[in-house]
Amino acid sequence: MTIRPILSALAVSAALTGPALADTVYLTASSFVDPAAGETLKDQAFVITDGKITARGPKSRLKAPKGADVIEFGGASTLLPGFIDMHVHLTGDAEDPPYESLSFSDERMAITGVKNAKLTLLAGFTTVRNVGAESYGDVALRDAINEGDVPGPRMYVSGPPVGIVGGHCSDINLLPSEYKLKGEGVATGPWEFREKVRENIKYGVDLIKTCSTGGVFSKGTALGAAQGTLEELTAAAEEAHARGLKIASHAHGTIGIRNAILAGIDTIEHASILDDETIQLAKDRGVWLSMDIYNTEYTLSEGEKNGVLQESLDKERSISKIQRDSFTRALNAGVKMVFGSDAGVYPHGRNGQQFSRMVTFGMTPMQAIQAATVNAAEALGKEGLVGCVEVGCSADFVAVKGDPLKDMTLLANVDFVMKEGTVYKNNGEPQASAF
């Protein structure tokens with residue numbers, strides 16, 4: 001890949017006396033994977049102005065504007081749209097021991113988020129959905145990225161998850177009773193669920209996160225046990241939708257998955273234990289599944305060293321094969337699926353390692369790429385803005401050396417990253433000028 005400026009004497013003069021063209025980029029690729037078309041296109045060209053795609057077409061017909069910076073991908077390189085990860089936790093690290101992490105302040109976790117945002121962007125994920133963070137640390141991180149104060153992906157954030165007393169995503173189950181503390185998202189009954197949703201919206205979230213079953217990494221919760229009544233979950237979903245927000249629910253067990261779907265939840269996170277009836281219900285209701293089928297490998301190989309509780313390791317062992325089988329069955333049934341890695345449970349920046357596992361367990365390479373682009377954009381309600389390459393879309397691109405449709409492991413280590421027209425990584429190296 002080469003980057004070179006095309007500056008004529010006329011363009012230089014115009015830059016000195018008239019409107020500058022420095023924010024115009026001409027991007028070409030001999031091979032471009034177009035997820036919307038579902039095919040690889042040859043010799044494509046894009047014009048990018050002020051971070052947006054303003055023209056697209058075959059290189060033979062779409063020429064470089066005068067004064068544009070030119071970026072060319074030829075030979076064996078392949079260009080793709082920037083990726084979207086629908087399930088991350090940027091303010092936490094997988095290496096943090098559960099009890100020790102109780103000592104981390106909200107401010108410390110926000111700073112951790114700054115580090116992880118950069119790692120995520122450099123991995124080629126130009127948009128993420130952060131589903132759960134204490135004290136609105138993800139809201140602060142999103143705003144800092146949007147203002148250009150720190151580098152990172154475009155973020156859509158949930159703030160503190162809303163859930164039951166003693167629940168997986170809302171309460172502080174590691175603390176003994178004498179502390180008399182509970183999580184900031186804890187609610188009991190439909191009206192309190194509504195109140196917590198309203199509170200999160202008040203403080204600037206983009207979506208709502210709840211939990212309808214127990215989880216792997218929470219003390220004393222069972223994966224198959226439902227959390228929150230159907231009435232409570234419905235209240236949360238109604239309140240979110242009334243304000244134009246999507247709502248996601250963590251759900252491993254079948255009963256909790258069904259409750260979330262019936263309540264009107266938009267995306268089911270993990271979706272580990274699926275039966276045929278629940279798969280059909282998800283398909284009929286148009287619900288999206290976000291299934292993190294890579295991170296189990298990290299948890300089971302590194303979790304004990306990181307201080308993960310034995311209870312959590314046991315739950316991970318019990319669920320990993322079931323979840324992967326559910327992934328294959330839901331895919332074959334035609335349920336809508338997006339890319340969600342649960343980065344934070346394993347180290348940030350490794351998000352792309354999930355692509356190859358999605359193919360191993362049934363997706364075609366194109367389907368896996370679509371899950372992280374056009375599908376994720378639709379699930380976010382951001383079609384035409386992200387995960388796309390049409391005129392008006394954000395100029396988010398990644399590139400690899402080789403053909404990812406033949407070797408999906410290439411997407412675990414991208415060589416080039418552009419977000420909103422700015423190059424953050426080139427030839428495998430971070431670009432200091434972008435930071």
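The values are calculated or read from the model by the stated rules, or taken from the named source; none is laboratory data. Quick caveat, the model's predicted, so the values are computed rather than measured. Positions of Cβ are backbone-derived with ideal geometry, glycine not excepted, and every protein chain shown enters the neighbour counts.
Taking (1) at pLDDT 95 or above; (2) basic (Lys, Arg); (3) over 21 Å from the mean Cα position of the chain (by Cα) in turn, Arg154 satisfies each apart from (3). Listed by position, the strands (runs of 3 or more DSSP E) contained in the range 41-108 that have at least 3 residues being of a type in the set (A, V, I, L, M) and either modelled with pLDDT of 95 or more or in contact with a Phe, Trp or Tyr (Cβ under 6 Å, 6 or more places away or on another chain) (or both) are 83-88. Kindly indicate the residue of the range 172-197 that is exposed (fewer than 15 other Cβ atoms within 10 Å of the Cβ) and aromatic (Phe, Trp, Tyr) and also nearest to Phe104 (Cα to Cα) among those meeting that condition. Once the filter is applied, the top-ranked residue is Tyr179.
What about Lys118, is it basic (Lys, Arg) and in a loop (DSSP other than H, G, I, E, B)? No. For the range 170-218, taking the residues that are of a type in the set (S, T, N, Q) and assigned to a loop (DSSP other than H, G, I, E, B), the one that is farthest from the chain's Cα centre (by Cα) is identified as Thr188.
Yes or no, residue by residue, for (1) in contact with a Lys or Arg (Cβ under 6 Å, 6 or more places away or on another chain); (2) of a type outside the set (A, V, I, L, M, F, W, C):
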| position | (1), (2) |
| --- | --- |
| Thr229 | no, yes |
| Ala235 | yes, no |
| Glu238 | no, yes |
| Gly244 | no, yes |
| Ile247 | no, no |
| His252 | no, yes |
| Leu262 | no, no |
| Gln280 | no, yes |
| Lys283 | no, yes |
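Listed by position, the helices (runs of 4 or more DSSP H) contained in the range 254-369 that have at least 1 residues being among the hydrophobic types (A, V, I, L, M, F, W, C) and closer than 25 Å to Leu102 by Cβ are 295-302, 310-333. The set of residues in the range 304-343 being crowded, with 21+ Cβ neighbours inside 10 Å, touching an Asp or Glu at 6+ places or on another chain (Cβ under 7 Å) and either not assigned by TED's automatic domain parsing to the domain that holds Ile268 or not hydrophobic (A, V, I, L, M, F, W, C) (or both) consists of Gly340, Ser341, Asp342. With (1) crowded, with 22+ Cβ neighbours inside 10 Å; (2) closer than 15 Å to Tyr294 by Cβ; (3) in contact with a Pro (Cβ under 9 Å, 6 or more places away or on another chain); (4) of a type outside the set (Phe, Trp, Tyr) as the list, and Val398 as the residue in question, which single condition is left unmet? Of (1) crowded, with 22+ Cβ neighbours inside 10 Å; (2) closer than 15 Å to Tyr294 by Cβ; (3) in contact with a Pro (Cβ under 9 Å, 6 or more places away or on another chain); (4) of a type outside the set (Phe, Trp, Tyr), only one is false for Val398: (2).
When residues in the range 294-303 are screened for being touching a Ser or Thr at 6+ places or on another chain (Cβ under 8 Å) and either exposed (fewer than 14 other Cβ atoms within 10 Å of the Cβ) or among the aliphatic types (A, V, I, L, M) (or both), 1 of them pass. Residue check: Met337 meets all listed conditions (1) over 16 Å from Ala371 (Cα atoms); (2) modelled with pLDDT of 95 or more but one, namely (1). Looking at Ala248, is it part of a strand (DSSP E or B) and buried (at least 24 other Cβ atoms within 10 Å of the Cβ)? So Ala248 passes the test.
Checked against (1) under 30 Å from Thr127 (Cα atoms); (2) at pLDDT below 95; (3) of a type in the set (D, E, K, R), Lys196 passes all but a single condition, namely (2).
Of the residues making up the range 134-163, those that are crowded, with 24+ Cβ neighbours inside 10 Å and either farther than 29 Å from Ala432 by Cβ or in the same structural domain as Thr422 (by TED's automatic domain parsing) (or both) number 6. In the range 198-213, the residue that is surrounded by the most Cβ atoms within 10 Å (Cβ to Cβ) out of those that are more than 15 Å from Ile268 (Cβ to Cβ) and not aliphatic (A, V, I, L, M) is Asn200. As a summary of the residue check, His89 satisfies the conditions (1) closer than 30 Å to Ile268 by Cα; (2) free of Cβ contacts under 8 Å to residues at least 24 places away in the same chain except for the one numbered (2). Considering Val391, Val414, Val398, the condition of being of a type in the set (A, V, I, L, M), touching a strand residue (DSSP E or B) at 6+ places or on another chain (Cβ under 7 Å) and in a strand (DSSP E or B) is satisfied by Val398 alone. Residue-level check: of (1) closer than 30 Å to Gly307 by Cα; (2) out of contact with any Lys or Arg (no Cβ under 8 Å at 6 or more places or on another chain), Thr364 misses just (1). Selection over the range 417-429 of residues that are surrounded by 15 or more Cβ atoms within 10 Å (Cβ to Cβ) and part of a strand (DSSP E or B) gives a count of 8.
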